[in-house]
Structures are given as structure tokens and as C-alpha cells.
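Quick notes on the structure that follows.
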Amino acid sequence: MLKRTVIKAALVFSLVSTLARAQSGYDALVQKGNTQLQAGNTSEALETGQQATKLAPERWQAYALMGGALMNLKRYEEAADNLSKAIDKAPASKQSALRDLRKQCALAEAGVAASTSAASELSPAPPASVPTQGPPVPSFTSATTTQAEVVLWKTIENSNSPSDFQTYLGQYPNGAFVGLAHTHLEQLETKEKALREQQAAQAAATAEKERLEAVTVFSVQHVHPGTSNNGTLKLSRHGLTFESPKEAGFSSTCSQIRTMRLQPKYGLNKTQTLYIETGGGSYNFWGNGDSVDYVYTKIKEVCGI
């Protein structure tokens, strides 16, 4: 039974490792194909996309890559078929852009210039008396904009990564979507700045809370006529607590401290004592490791006396 379990575990591990390698190889091929497409190596990009679909036929990116390559080769019907497969497998956020590309294929297949039609749909002329809202929508023609650029832009236009738009601007410094790329970058930089400011404010609030919640412990002696008991005096923004194994101790909020002062020796041979009077009584302390003037200063600081 144990042997069978070990064999099953080994098979599962082998399957997971094989799947992980396949996914990694797929991503590398898609990236390679996009680079080839952007460089104008359309046939090589198509072949790379075909290799990627064999590794992971359930994923969408390679079908989109092949659709873009086939569009550049003017094989519009095949391009539309691959884009349809990409749409079926892609997340909802990517489907609209892929449908736009498939529509361009249909228009081109019907003998209409796809890029001109897309420009007319994306950038209708508004009435002269009505101002346009938001960034201008780019107008592009097949003479100035390649399908590789369109495919790249459609892939990244909803991205939340500044590096995607920086990559586009590096590839196409005079591209049709430069204005939109800069707008996206500015919006993302504004969001990142706001996030950094929020994180800094949260860090400052946490530090202040920790400071306020901090407890300082002093080693003192509670002085009685003719004797004294060792103990600890704990100070926080909530107030004071004295604890000793030899007596009951006491607690007082900062607001309950009526009087606090340093005064001459009390009882035994000590030069100075800390006198504290609260709603529950009065107490004298000597320093026992911590000087009473230091304790006095800290209580004033924390309680705002």
C-alpha cells in the first residue's frame, strides 16, 4: 500500500513539473513571437505562435499572436479564425480588444481598409459646439500603422503596468497611440504616488500608535515611614501602575494625577523623592536603578502634566 502511494505521489510530482515547464516554455515562445512580430518578422512570428499552441492549446495569447501575424500576411480569414479561438479562451478584460481585431479582419476580407474603418469608428467627429471629453482617440492608416503595432496596443491598452506603455513608446516613439500611452503612464504614476502617500501615512499612524501604546517600566522603591518596598512603576499614555510583591500596589490614569513633584528626602537616607498624589491616595518613590528626576520627567512627557 505504501509503495503504491509513493508511486502515485511521484507521478503527480512528475506531472506538475512537466506542466510547469510547459507553461514556462509557452510564455517564452509568446514573448519571442511578439518580438518577431514587432520587428516585422511575420512568418517567424506565425511559426512561433504555432509552436506555443502545441504546448498549451488551452491558453489564448498564442492564438492572438497568430491572428496578428496572419493579418500582416493579409490572410484575413485565417486570422479571424485564430482570433475567435483567442476570444473563447481569453479573460473578459481582453475579449473586447480581440473582437476589434477580428472585426478589422472581416472588413479587410470584404475589401474595406480595416485600419481606416477602425479609425472612423474610434474617432468620430464631434459637433463643433460640443467639446470632447478625455484624451483624443488616435486616427491611423495602414500607411503609418502596422498590424504589429495595433496588436501590441490592443494587448496592453488595459494594463496596469507602466513598463508595458514604456515598452510601447520605446518600440513606436512616433506611433499612433503615443498620446494614449503617455496618458496611461500619467494616470498610473498618479495612482502609484497616491498609493505611496497612503502607505507612508499608514506607516506614520502605526508608529504613532506604537509610541502611544508603549509601556516604560521603572525600577523604584515605594517609600513608607521607616521602610520601603521594591517594585516597578509602569508608565503608558493610559497612566501609571505600581506593582510590588510586598504590597497591593495601585493604578491611576494620567487625568487622575492631581499633584506630582520632586521633594526633599522622606524618611530614610535618600536625597530626593518623587511625590505623586492621585484620586486614590498619595505616594512617595525613590529611584532604584532609575533616578527619580528621570521618572518625573518621563511622566510629565507622557501624561502631559
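For segment 36-44, what does the Karplus curve 6.51 cos²θ - 1.76 cosθ + 1.60, with θ = phi - 60°, yield as ³J(HN,Hα) per residue in whole Hz, taken in order and with x for Gly and Pro?
Couplings: 4, 5, 5, 7, x, 8, 5, 4, 5 Hz.
I need the shape label for segment 44-114. Rule: rounded when a/c is under 1.5, else prolate if a/b > b/c, else oblate, with a, b, c from the alpha carbon gyration tensor.
oblate
I'd like the FRET efficiency for Glu197 and Arg99, computed as 1/(1 + (r/R0)^6) with the beta carbon distance as r and R0 of 51 Å, rounded to 0.05.
Values: r = 38 Å, r/R0 = 0.75.
Result of the calculation: an efficiency of 0.85.
So how long is each side of segment 165-305 along the principal axes, counting just the alpha-carbon atoms, biggest first, in Å?
Ordered largest first, segment 165-305 gives principal extents of 92, 27, 26 Å.
Any idea how far apart Glu109 and Thr232 come out in nm if each label point goes 7 Å out from Cα toward Cβ?
Placing both labels 7 Å beyond Cα along the Cβ direction yields 8.0 nm.
Find how much the distance from Glu77 to Glu301 grows on full extension, using 0.36 nm per residue of separation minus their present alpha carbon separation; answer in nm with one decimal.
Extending this stretch completely gives an extra 72.7 nm.
Computed from the coordinates by the stated procedures, all read-outs in this text should not be read as laboratory data. This one's a predicted model, so the numbers in the text were calculated from it and none came from an experiment. Reconstructed Cβ throughout: ideal geometry from the backbone, glycine too, with neighbour counts over all protein chains shown.
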